[in-house]
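Some notes on the structure that comes next.
The values are calculated or read from the model by the stated rules, or taken from the named source; none is laboratory data. The structure displayed is predicted, hence computed values, not measured ones. Reconstructed Cβ throughout: ideal geometry from the backbone, glycine too, with neighbour counts over all protein chains shown.
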Amino acid sequence: AMAVGLAGGMAIVEPVQAENLTIGAAYSLKAAFQEVVPMFESEFGATVNVVYGSSQTLRREVEGGAPMDVLLSAVEDLEKLQKKGLTLNGGPEVYAQTSLVFVMSSASQAMPISFHDLLSERRTRVAIGAFESAAAGPITARALRAVDPSFKDRFRLISATHHDEVIDMIRRGEAEMGLVYRVDAINNSGQVRIIDETPGGNYTPVRFGQAIARTCRDESRAVAEQFTDFFMSPRIQKLLLKYGFEPTTSHEGEKKVAGAAPKVRVN
């Protein structure tokens, strides 16, 4: 962008630095952001820096004062930040959801088993996201506990830091099966295939949301609001479907009120 001023009757053209925006985003958004971020930068003249991590890690970064302007992660973690007064725009806006699925290697010739079959297939190695640090960790623990309360002692579980590592373990033959988000199973270049959509016999939805962080810099507040509006626009919501995210349902036009429940826009 350029700014034009007058000095001694002569026009002076000076460059205007693009607005900078730092976004903390869940790993699951990485594929979609390869398309979304360049679109936003082109249309709004902003320079966007994206920091990827698990939802828990991103939350802890904001709690520690890391300079993030916008946070896109699991709603559960955004709600924790909201309760601590670490978000600026009230409750998180929910933009999509996914579920936990059971996967195996696309190249494997083994007979697929269901999630419940793990009860009798004790020798099967299952790669999972680490309960305390991976994005899918907490929901994985809940799903396994629903099948067998003693799952930690009875299943052959191999922990990974995030979904890419889970998929790599399966690809390398270090695990026969794995548990990942459905959106991550879809965006894996065909390395794994989904063999059970509903672990434990229950649909396990995971909602993703966005919020402006308390650590947002004053000079970035306007462009942060532009991004959150842009991300909730109908065309971006439609684009997310292409990357395996599932739409959510709620009421249109809820106000952003501090302490409010998570909001969902339906377009």
Among residues belonging to the range 185-222 that are within 23 Å of Thr248 (Cβ to Cβ) and charged (D, E, K, R), point out the one that is modelled with the highest pLDDT.
-> Arg207
Mind checking whether some residue in the range 84-106 is assigned by TED's automatic domain parsing to the domain that holds Phe245, surrounded by 20 or more Cβ atoms within 10 Å (Cβ to Cβ), among the acidic types (Asp, Glu) and within 30 Å of Ala175 (Cα to Cα)?
-> no
Residue within the range 187-207 that is assigned to a helix (DSSP H, G or I) and of a type in the set (Asp, Glu) present = no
Among the residues of the range 18-26, is there at least one that is under 18 Å from Leu239 (Cα atoms) and aliphatic (A, V, I, L, M)?
-> yes
Considering only residues that are touching a strand residue (DSSP E or B) at 6+ places or on another chain (Cβ under 7 Å) and hydroxyl-bearing (Ser, Thr, Tyr), look in the range 35-53 and name the one that is surrounded by the most Cβ atoms within 10 Å (Cβ to Cβ).
-> Tyr52
Within the range 217-236, track down each residue that is over 19 Å from the mean Cα position of the chain (by Cα) and of a type in the set (A, V, I, L, M, F, W, C).
-> Ala222, Val223
